[in-house]
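The numbers here are math on the coordinates, done by the rules we state, and not lab data. Keep in mind that what you see is a predicted model, and the values were worked out from it rather than measured. Please note: Cβ atoms are built from the backbone with ideal geometry, for glycine as well, and neighbour counts cover all protein chains shown.
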Amino acid sequence: MMGSKQLKIGLRVNDLKVSGDLYLKLGFRELPNDEQPNLRYLTFGHTWLILSALHAHGYYDEEHGEATRRGPLGLGFTLAVPTPDLDAAHALWRAEGLPVVSEPEDTDWARVFVGLDPDGYEVSFEQFHEEYRGGRG
């Protein structure tokens, strides 16, 4: 069955179009999903990112749903996204008018910066130094 062995991350978002389009610009791919208008299925490598409409998609428990809708969304959550071009990702973030929490900096293993997506989820971008990339080429 498709998706039965992939890690899946779900985020509740205010605007499926705005959030989904942003992640597509970052290199995610979208899986067709005409049957569920309150969900967008995106992939990045073997990992799925499932965006669900904050106010339209159901919750397993209404008390939990109310707490989630009150927010803040994303508290304590970080999505780490590898990128081959940190400067391009940073420029996109700035062009979209999104908050940058930590400007690009070099660490021992990568150049990184951290921003907040349209719903306040923390996204950490990582351009690994050559010796940490693994693989060939």
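Tally Lys and Arg at +1 and Asp and Glu at -1 over the other residues with C-beta under 12 Å from the C-beta of Leu79: what net charge comes out? Display every interim value, and only then the final one.
Numbers: positive: none; negative: Asp117, Asp119, Glu122, Glu126.
Around Leu79, the charge tally is -4.
Taking 0.36 nm per residue of separation and subtracting the Cα-Cα distance, full extension of the segment from Phe77 to Ser124 would add 15.9 nm.
Working from label points 7 Å from Cα in the Cα-to-Cβ sense, the Leu39 to Glu105 distance is 3.9 nm. Expressed in units of 2.2 N^0.38 Å, where N is the residue count, the Cα radius of gyration of the chain is 1.12. Rounded to a whole number of µm²/s, how large is the Stokes-Einstein D of segment 73-137 at 20 °C and 1.002 mPa s, given Rh as the Kirkwood radius over C-alpha pairs? Rounded to a whole number, D works out at 175 µm²/s.
Taken along the Cα-to-beta-carbon direction at a fixed 7 Å, the label points for Arg94 and His55 span 3.4 nm. Within segment 49-137, the chymotrypsin sites (Phe, Trp or Tyr not before Pro) that combine a DSSP coil assignment with at most 15 other C-beta atoms in a 10 angstrom radius are Tyr59, Tyr60, Phe77, Trp109.
Around the amide H of Leu11, modelled in the peptide plane, lie the amide H atoms of Ile50, Leu51, Ser52, all under 5 Å away and 5 or more residues distant in sequence or on another chain. Our coupling estimate for segment 42-57, obtained by passing each phi through the Karplus curve with A = 6.51, B = -1.76, C = 1.60 and θ = phi - 60°, is 10, 10, 9, x, 9, 9, 9, 10, 9, 9, 10, 5, 3, 9, 10, 8 Hz, Gly and Pro reported as x. Close amide H pairs (under 5 Å, H built 1.01 Å from N) link Ala110 with His129, residues at least 5 positions away or on another chain.
Under 1.5 on a/c is rounded, so check that first for segment 1-71, then, if it is not, pick prolate when a/b is larger than b/c and oblate when it is not; a ≥ b ≥ c are the square roots of the alpha carbon gyration tensor eigenvalues. Numbers along the way, then the final one.
Working: a/c = 1.93, a/b = 1.50, b/c = 1.29.
Judged from the Cα gyration tensor, segment 1-71 comes out prolate (a/c at least 1.5, a/b above b/c).
Gain on full extension, evaluated as 0.36 nm per residue between His46 and His64 minus their Cα-Cα distance, stands at 3.6 nm.
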